[in-house]
Amino acid sequence: MSDNNTESVDVVVVGAGVTGLYAVHKMRQLGYRVRGFERGADVGGVWYWNRYPGARCDVESADYSYSFDEELQLEWDWSEKYATQPEIMRYLSHVADRFDLRRSFTFNSSVVSAELDEETLRWTVRTDDGEGGGEVLSARFCVFGVGCLSSTHLPAIPGLESFAGATYHTGEWPHEGVDFTGLRVGVIGTGSSGIQSVPLIADQAAQLTVFQRSANYSIPAGNKPLDEAARRELKATYAERRRLARLSGGGSPFMTHPRRTLDVDEQERREAYEKRWELGGVLYSKTFPDQLTDLTANHAARAFWEEKVRARIDDPAVADLLVPTDHPIGTKRIVTDSDYYETYNREHVRLVSLRENAIERIDGHDVVLADGERVELDALVLATGFDAMTGSLDRIDIRGRGGQLLKDAWSAGPRTYLGLGTDGFPNLFNLAGVGSPSVLANVILCAEQHVDWLTDCLAHLDAHGYVAIEAAEQAVEDWVRECRERAAATLMMSADSWYLGANIPGKPRVFMPFVGGFGAYGEIIAAVAASGYKGFDLIAR
Ligand code: NAP
């Protein structure tokens, strides 16, 4: 602590989610003085907040777990193929205990600003009045692991704030849970959170009305318990699983079919779709290598999906509403569900298409629709998503060279080199976020990939006597262009997705993650490190 109450540290880590936890662990192991700050009361990040009924990972639990410690990997027993939110929280809590990570974090404490001192190239970091009581720190490095889906989005529906029943957002779910037994419940939003929660809310509610603006593609998880034999098998093959995951597009050990969609005959094509269908969920989007680049190939995958899904829905008119017609399959994240479509076969569940009958306003207990109908509700669930990828950073006053706000530097879309650094913001790193595979891949492996790259980088700086590293302006321009061109070569630009910021009014329409794949990205950043950090300015004093 310096005499003016400013604590001096090597690294401030923001966020105790999967990225922040590993960052703190690795930095500490390497001897850096680290302080971590977390807005929530405990570790977990996105899993800490998203406690809605049915919250479950859409990456298999064996893969959605840290790989950095062999013993950790072998000692933890996952109970299901796709883990629920409570089980993932137990796992992250176990990791925090095992490596004694909580002692480096201050919880219930948000970083509100980070300001660069251009003389020393150190960052002055301030926290709010939470548990830390408004701390001021001087840090050589600022590391953000604030999560891509942590800034909730509320729909601009007139009267929403005065709804007379109870309102919940899936991304800020009450820790004590919600009992919907006997209630008339409305769910607005049919992305992953809505689709996962609807079947469970339907189990309790007396009446459930789902308000759908856009239909989404969803595929059953094919979830199942993992018994001892299955776990033994997984553990015996972990090394190979991880090797394949690191080479893959999405950070899971599954490769696309070696040939293009129309280069195989009908039977082989259907077998390939069927195999992916059995794997469950989001993996279906990469059955064939051209599925997200060629519209004809996409149509074939979509037709198979439609055939499967229509067979699950009794009423063809309801099926018509639930089958998307506005975007190619996989251009928004395919949802991984459990009994979603079957839920609409239940008597007390109703689907309202907002495209045909929009919500005009909320009045007392009623959702008032454009045709004048009033849907009376006791509880309203907003599954309306997030200001994704940039929302959580935007909340922090981050000022780099010349006092420039990061938010302003990114006003036309995020500007990064490799997703890691931005010119004008030396020694400031944003991990597993924009400009990297992040949300398009298994985020635990993305976090490890970034933290490992970063700690190697810091060791390189120290070994060569550099005080700072800063992305060069040209390298940022080139990376932004490369990310844009790669996205434009796919079908991803054709959907109004949160990847593009399309769900937030006024947000620039820029494809934010790197679409080139987890394995390919790993090779790119490894090559940059091997070249002595080409594209970065290394600053000596
Ligand atoms: P989302 O995908 O952005 O879905 C939000 C939903 O709310 C959409 O259906 C959207 O309709 C609707 N909506 C937004 N504003 C509205 C308005 N004003 N009126 C009516 N409807 C409105 O958000 P999410 O479901 O929370 O999922 C976000 C991401 O989190 C997912 O894509 C996934 O990556 C991740 N996630 C993963 C899991 C998992 O499986 N592990 C679970 C939950 C979330 P439009 O589509 O028309 O905008």
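The values are calculated or read from the model by the stated rules, or taken from the named source; none is laboratory data. All of these numbers come straight from a predicted model, not from anything done at the bench. For neighbour counting, all protein chains shown are included, and Cβ atoms are generated from backbone atoms with ideal geometry for every residue, glycine included.
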Might you let me know whether the range 240-249 holds any residue that is in a helix (DSSP H, G or I), within 22 Å of the chain's Cα centre (by Cα) and within 12 Å of the ligand (Cβ to nearest atom)? no
With (1) more than 20 Å from N427 (Cα to Cα); (2) surrounded by 18 or more Cβ atoms within 10 Å (Cβ to Cβ); (3) more than 16 Å from the ligand (Cβ to nearest atom); (4) under 22 Å from the mean Cα position of the chain (by Cα) as the list, and N108 as the residue in question, which single condition is left unmet? (2)
Filter the range 427-461 for residues that are touching a helix residue (DSSP H, G or I) at 6+ places or on another chain (Cβ under 8 Å) and in a loop (DSSP other than H, G, I, E, B); the one that is nearest to S65 (Cα to Cα) is N442
Give the residue, chosen from Y22, Y32, that is closer than 30 Å to A463 by Cα, more than 16 Å from the ligand (Cβ to nearest atom) and within 19 Å of the chain's Cα centre (by Cα). Y22
Could you say which residue among C142, C148 is within 16 Å of the ligand (Cβ to nearest atom) and over 21 Å from L354 (Cβ atoms)? C148
Search the range 195-220 for residues that are in a loop (DSSP other than H, G, I, E, B) and buried (at least 19 other Cβ atoms within 10 Å of the Cβ) and pair each with any residue that is at pLDDT 95 or above and of a type in the set (S, T, N, Q) when their beta-carbon atoms are under 6 Å apart and the residues are at least 6 apart or on different chains. N216/T190
Could you identify the single residue in V439, V467, V480 that is under 17 Å from the mean Cα position of the chain (by Cα) and among the hydrophobic types (A, V, I, L, M, F, W, C)? V439
Considering only the range 491-541, how many residues are touching a Pro at 6+ places or on another chain (Cβ under 8 Å) and either part of a helix (DSSP H, G or I) or among the small types (G, A, S) (or both)? 8
Selection status of A388, touching a residue at least 12 places away in the same chain (Cβ under 8 Å), within 15 Å of the ligand (Cβ to nearest atom) and under 20 Å from R39 (Cα atoms): yes
Search the range 450-462 for residues that are of a type in the set (D, E, K, R) and pair each with any residue that is at pLDDT 95 or above when their beta-carbon atoms are under 9 Å apart and the residues are at least 6 apart or on different chains. D452/Y22; D452/K26; D452/F68; D456/A529
Could you check E176 against (1) assigned to a loop (DSSP other than H, G, I, E, B); (2) farther than 27 Å from E60 by Cα and say which number it fails? (2)
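Just need a number here: residues in the range 362-402 that are of a type in the set (D, E, K, R) and more than 30 Å from L116 (Cα to Cα).
Total satisfying the criteria: 7.
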Pick from the range 170-208 the residues that are in the same structural domain as Y341 (by TED's automatic domain parsing), farther than 26 Å from A388 by Cα and in contact with a strand residue (DSSP E or B) (Cβ under 7 Å, 6 or more places away or on another chain): which of them is farthest from the ligand (Cβ to nearest atom)? A206
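Between I444, I525, which is of a type in the set (A, V, I, L, M), within 16 Å of the ligand (Cβ to nearest atom) and touching a Phe, Trp or Tyr at 6+ places or on another chain (Cβ under 9 Å)?
I444
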Being out of contact with any Pro (no Cβ under 8 Å at 6 or more places or on another chain), within 14 Å of the ligand (Cβ to nearest atom) and not acidic (D, E) narrows it down to one residue among R333, R312; which is it? R333
What pairs come up if the first residue lies in the range 508-521 and is on the phi > 0 side of the Ramachandran plot, the second is surrounded by 21 or more Cβ atoms within 10 Å (Cβ to Cβ), and their beta carbons are under 7 Å apart, counting only those six or more places apart or on different chains? G517/G249; G517/P437
Would you mention how many residues in the range 59-82 are within 18 Å of T19 (Cβ to Cβ) and within 11 Å of the ligand (Cβ to nearest atom)? 2
From E161, E172, E135, E131, residue being more than 25 Å from V18 (Cα to Cα) and among the acidic types (D, E): E161
If R484 satisfies all but one of (1) surrounded by 18 or more Cβ atoms within 10 Å (Cβ to Cβ); (2) within 30 Å of A215 (Cα to Cα); (3) away from the ligand (no atom under 16 Å from the Cβ), what's the number of the condition it fails? (1)
Just one listed residue, out of K332, K308, is surrounded by fewer than 17 Cβ atoms within 10 Å (Cβ to Cβ) and either modelled with pLDDT of 95 or more or under 24 Å from Y82 (Cα atoms) (or both), and it is K308
Starting from residues that are buried (at least 21 other Cβ atoms within 10 Å of the Cβ) and in a helix (DSSP H, G or I), keep the ones in the range 280-299 and report whichever is farthest from the chain's Cα centre (by Cα). A297
Quick one: is T167 in a strand (DSSP E or B), within 15 Å of the ligand (Cβ to nearest atom) and out of contact with any helix residue (DSSP H, G or I) (no Cβ under 6 Å at 6 or more places or on another chain)? yes
Can you find a residue that is away from the ligand (no atom under 16 Å from the Cβ), among the polar types (S, T, N, Q) and modelled with pLDDT of 95 or more anywhere in the range 492-514? no
